[in-house]
1. Arrange the following residues from fewest to most other Cβ atoms within 10 Å of their Cβ: A:14, A:64, B:178.
2. Which angle from 0 to 90°, rounded to the nearest 10, does the C-alpha axis of helix A:99-111 make with the longest principal axis of chain A?
3. Hey, what D do you get for segment A:59-182 in µm²/s if you plug the Kirkwood alpha-carbon radius into Stokes-Einstein at 10 °C and 1.306 mPa s?
4. Restricting to Cα pairs below 8 Å that are 6+ residues apart, what does the relative contact order work out to for segment B:86-215? Please round to a whole percent.
5. Could you work out, for segment A:137-217, what percent of all Cα-Cα pairs fall into each 10 Å distance bin, beginning at 0 Å and stopping at the bin that holds the largest distance?
6. Can you give the % of DSSP beta bridges in segment B:1-124 that are antiparallel, to the nearest 5?
7. Evaluate E = 1/(1 + (r/R0)^6) for residue A:44 and residue A:144, where r is the Cβ-Cβ distance and R0 equals 25 Å; express this FRET efficiency to the nearest 0.05.
8. Bins of 5 Å, beginning at zero and ending with the bin holding the largest distance: percent of Cα pairs per bin for segment A:90-145, please.
């Protein structure tokens, strides 16, 4: 069951108007090759779920600059002035979510859970429109799962079954995103044969991955 | 003045560290606290993008393209460090495993409310991990300049949108060290070069001044 396909074939599965999760933290190890080809193929009106909108010219920042994004769901947009500009001009809808809540909502989406209770955001505007519950005397907000049509993720070492190893701090949102989308495409820095990536080092088990593309194509 | 003031604040915050602490430092001024960890004290720095045991910033040429901190800077890691994903990182943060967080702020008020993530209409960077850190860290220190363009930042009641309600424990500025207590804000220390008059003049909030105040 070889999941490795050509990048053109992979990007054809990503449609304009879809909801897409994109891994990476401030563009460190976002799936750049997939993003470049999405821009080239003129995929537009995306709802992007990601930690942040990176910096101009990198990762999700490129999608913002090329006006591919209709709505962004993220925790931080401060390092990309273009995101703020489009938001203030009414050209881009931005929903800001606390980083831990964003991660946990995505985790819930992939883990079959109906939501979770968090103390984060109590007493702030994050509360608005949300149900508050008191458990053992402490107040919590009820937060709901997030899912996407597609997730694109960058992996450091990926075997052909889709088992992924991430170097350094590059795992960030990848682990939860790989669980929470209908179609999961991993852009691999290095593709290896089954067995070459030892089972102990697998961080995203292959069950969560549909397709793998090479970063250099 | 600006640079020295920030150094002075960072140095004073560092005095609050304790051996064995796991600490998350916000970006900007709070991150400077790492420069003043007392010799021989074991303090572990957490970075919410997924590092426990963060080291110093990388000099040019030392960068590992896979290792950044939450402020998008290339960093070293210490011996015994670990990497993890965002869900695990915020389990640490919300779950009470972080002893101390040091954050900047736009405003702090008499109830220990903090506004640090948004100025509606002008600065909307997003809250990042700040709300989770405020909700979950065992102790919260705000490290900031005492005023912004001459305007007090320590106020009776925050006018900017809150980042957390009633979570601040201690405020350290270049003028004063102020504790948040159930009775209100208590002036604990006067920083070198300042005075009670100077502090009161630049503080909107009521300050409780007790006998034996450290100068």
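Values in this text are rule-based calculations from the coordinates and carry no lab data. Since the model is a prediction, treat every value here as computed from it, not as a measurement. All Cβ positions, glycine included, derive from the backbone under ideal geometry; neighbour counts span all protein chains shown.
1. Values: A:14 19, A:64 23, B:178 26.
Lowest to highest Cβ neighbour count: A:14, A:64, B:178.
2. So the helix axis and the longest Cα principal axis differ by about 60 degrees.
3. On the way: Rh = 16.4 Å.
D, rounded to a whole number, is 97 µm²/s.
4. Working: 283 pairs, mean separation 33.0, N = 130.
Contact order relative to length: 25 percent.
5. 19, 48, 20, 9, 4, 0
6. Working: 10 of 16 bridges.
DSSP beta bridges in segment B:1-124 are roughly 60 percent antiparallel.
7. Numbers: r = 27 Å, r/R0 = 1.08.
Between residue A:44 and residue A:144 the formula returns 0.40.
8. Percent of Cα pairs in each bin: 4, 19, 27, 23, 16, 7, 3, 1, 0.
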